[in-house]
Amino acid sequence: MSDSSSLDEPKATVSHQDDVRAEKANYNKEALLKPKMSDSSSADMEDNTYGENEANTSGDGNVLGQYSVKQVMQMGRHFAQKHNLPNDDDIFARAAALARDPNKFDHMDFLSEHERIACYDEINKPWSSMTNKLIQIIAASAMSAAVQGMDETVINGALLGYPKAVGLDGGTERENWIQGLVNGAPYLCCAGFSCWTTDWMNNKLGRKNVIFFTCLISAISCFLQGFGPTGAPGWHYLLAMRLLLGVGLGPKSATTNVYLAECASKQIRGSVTMMWQLNTALGIMFGYVFSLAFFHVPSHGIGGGLNWRLTLASAMIPAIFVMIQIPFCPESPRWLMGKDRYMEAYEATVQIRPHKILACRDMFYQHILMMEEESLQLPFVKRLQEMVTVRRNRNGLLASCVCAFMQQFCGINVIAYYSSTIFKESGFSDLQSLEASFGFGLINFVFAFPAFLMIDRFGRRYLLLRTFPWLALFLLIAGFGFWIPKSNNDARMGVITMGIYVFTAIYSFSCGPVPFIIAAESANLASRSLNASIFTVVLWGFNFILSLTWNSMLAAMKAQGAFGFYAFWNLAGWFMVYFLLPETKQFTLEELDEVFDIPLRTRIAYEFKELWPNFQRSILWRKNVKGQPPLGPHQRLSLKSEEWNDKASAEFVEKAN
């Protein structure tokens, strides 16, 4: 019999506030830790061929790996007992043992044949084993992204009509700035106001309720955009309605990916979370569809024209679909557990996992790791402070902000907002410009699908590093195409269109989906909503800057200089990602704590030393290139939470009695 002190761990560099320590100290240890040796079949399950001292083989930083099977089973039983969860057939004890070493399920005699099959399917057939409720969550949540996507392109189509209706078609510098302000108004509101409400709204309402109410605001504001007057009051009204649209877009964009990431298993989390970008691309494509559909609609006596009004109002359609679907989806189990609503979390987890053993395993393991984090009830100011002072939070936020910045300054939204005017400048007519823009939207949607196959197989960082140089190249090709004389118009239009289309195709499976996935993965539960808020503030802030400045940049730098400017940022983005962004694939959200807790100087020094070996592997195609050992999480020696320190001695004292 080993002494429980052998389970002590080295001191971790984690910031725990005094009130958090007090809360943990006052935790009811007895209710959780006191063994119930009368549990049915306890002895039989623990005396199995998968021995109590069997080594953990998960190799992924599993915090339970240094405890025996018996100890972990005890923890599972008393977790269920404390929170009044149904523990039929001692399922939480068996689920806890499974959580200790999930890859060795086929050696666990205490699992039934059906439970082993469920474990196998989760790893090897993750898509076919998804439940209907998880599919419903994916469909409802991801469709909310189409609201944002449609707005980006319906305003693009409306640019061919609304400036004349509201007196902004003179081409003066003032009118160019006002157009940029109106186009970017939702994103100004997101960055300046609405995104900062995300944390408070999530804390009070939960994930799915935030999505519902923000879609309601988006639907109303999109509908009202079509009722503005003409002349100067018209752009004032349109500006106000688009600012209102930003009230809906900000919290929704910050919440949806968190909701998806918290509901998906780690095997498919990247692919599920990228549904946001896929449906943003779907919204972009349908925005062009509606722009084309309403292009020839006559005014029917309505001042300023009817077609652009219908185009702007059409962005309400996906928001209505979300409002119909989301009330029937379960709430995020992680959010419910953070609110100490464990029975509701259990019911939700059972709905989104294909087998009850997997639901119990995930609940137990999430609870274990959540105890390492600060409470959700900490004041906003304190959590905001710890986004900077706590290394794990700071590194995660930096990764999120780098991705948010690069998604905007790679240049994609210049094309999304102004493709009609860009194509018109290259030589297309108004209708041809919209048709070419629809081609951009279609490519953006279709080429998002390869990311499903690559995002969890190759990784997030891999996709960015492999594609940034190509994004820069094809932006330069598109920009330099404007030097072809208009007398050779076919070649001019062909080169510009080819550059834009290939750039868009590459973006769609790399810099498009990855930033939202990183934002959803890079924070622990206590700071997840706040991290997502700051991510979207950066995202929409630079989106607004891009939208506001493009017309003036185009006038000052011409198309060649403007495209070259964003090509430069793609090259700069490669270095930022290489040195600052860790790989996050195949880790649970809780295990990523250790990935982001690696000191930034250590990561930069490591990656600098790996530059030459990586160049040999990737560019020179050399094999057997010697490099440094992987820089990643190592298995923790034990839990940091004081609540678990006495569990071994509690078990043995009970046996002695």
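The values are calculated or read from the model by the stated rules, or taken from the named source; none is laboratory data. Only a predicted model underlies this, so the values are computations on that prediction, with no experimental measurement involved. All Cβ positions, glycine included, derive from the backbone under ideal geometry; neighbour counts span all protein chains shown. All accessible areas refer to the heavy atoms of the entire protein, side chains included, with ligands and DNA or RNA removed. Shrake-Rupley method; radii C 1.70, N 1.55, O 1.52, S 1.80 Å.
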Given the structure, is residue 404 within 18 Å of the chain's Cα centre (by Cα) and of a type in the set (A, V, I, L, M)?
-> yes
Keeping to region 261-277, report how many residues are closer than 22 Å to residue 151 by Cα and either among the polar types (S, T, N, Q) or out of contact with any Pro (no Cβ under 7 Å at 6 or more places or on another chain) (or both).
-> 4
Matching residues, region 266-299, being closer than 24 Å to residue 359 by Cβ and of a type in the set (Gly, Ala, Ser) = 270, 271
If we keep only residues of region 296-336 that are farther than 25 Å from residue 143 by Cβ and touching a residue at least 40 places away in the same chain (Cβ under 8 Å), then the residue nearest to the chain's Cα centre (by Cα) is 307
Could you pull out the residue among 475, 442, 471 that is at negative phi and surrounded by fewer than 22 Cβ atoms within 10 Å (Cβ to Cβ)?
-> 442
Any residue in region 399-417 that's more than 14 Å from residue 513 (Cα to Cα): show its pairings with residues that are outside any helix (DSSP H, G or I) and not charged (D, E, K, R) at Cβ separation under 6 Å, as long as the two are six or more apart or on different chains.
-> 399/522; 399/581
Residue 622, sole failed condition from (1) modelled with pLDDT under 90; (2) surrounded by 14 or more Cβ atoms within 10 Å (Cβ to Cβ) = (2)
Search result, residues across region 508-535 that are closer than 24 Å to residue 472 by Cα and either open to solvent by less than 10 Å² (accessible area, probe 1.4 Å) or β-branched (Val, Ile, Thr) (or both) = 508, 510, 511, 512, 513, 514, 515, 516, 517, 518, 519, 535
Subset of region 69-120 [of a type outside the set (D, E, K, R) and in contact with a Ser or Thr (Cβ under 8 Å, 6 or more places away or on another chain)] | 73, 93, 102, 103, 107, 118
What number goes with the only condition from (1) modelled with pLDDT of 70 or more; (2) open to solvent by 20 Å² or more (accessible area, probe 1.4 Å); (3) in a helix (DSSP H, G or I) that residue 44 does not pass?
-> (1)
Among the residues of region 81-129, write down those that are open to solvent by less than 80 Å² (accessible area, probe 1.4 Å), touching a helix residue (DSSP H, G or I) at 6+ places or on another chain (Cβ under 7 Å) and not in a helix (DSSP H, G or I).
-> 83, 85, 87, 108, 110, 111, 129
Got at least one residue in region 409-428 being at pLDDT 90 or above, buried (at least 18 other Cβ atoms within 10 Å of the Cβ) and not in a loop (DSSP other than H, G, I, E, B)?
-> yes
Give the residues of region 156-168 that are in a loop (DSSP other than H, G, I, E, B) and surrounded by 20 or more Cβ atoms within 10 Å (Cβ to Cβ), sorted by residue number.
-> 159, 160, 161, 166, 168
Residues of region 369-392 satisfying the condition of being surrounded by 22 or more Cβ atoms within 10 Å (Cβ to Cβ) and modelled with pLDDT of 90 or more | none
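Conditions tested, residue by residue: (1) within 23 Å of residue 399 (Cα to Cα); (2) out of contact with any strand residue (DSSP E or B) (no Cβ under 9 Å at 6 or more places or on another chain); (3) modelled with pLDDT of 80 or more.
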residue	(1), (2), (3)
608	yes, yes, yes
613	no, yes, yes
618	no, yes, yes
637	no, yes, no
645	no, yes, no
Test: residue in region 566-577 that is modelled with pLDDT of 90 or more, touching a Lys or Arg at 6+ places or on another chain (Cβ under 8 Å) and either crowded, with 23+ Cβ neighbours inside 10 Å or of a type in the set (A, V, I, L, M, F, W, C) (or both) | yes
For region 169-188, how many residues are within 25 Å of the chain's Cα centre (by Cα) and open to solvent by 50 Å² or more (accessible area, probe 1.4 Å)?
-> 1
Considering residues that are in contact (Cβ under 8 Å) with a residue 40 or more places away in the chain and either in contact with an Asp or Glu (Cβ under 6 Å, 6 or more places away or on another chain) or part of a loop (DSSP other than H, G, I, E, B) (or both), the number found within region 340-357 is 4
Could you check how many residues of region 140-173 are at pLDDT below 85 and among the basic types (Lys, Arg)?
-> 0
Among the helices (runs of 4 or more DSSP H) lying completely within region 233-339, list those that include at least 1 residues that are under 30 Å from residue 430 (Cβ atoms) and open to solvent by 20 Å² or more (accessible area, probe 1.4 Å).
-> 275-293, 307-313, 316-325
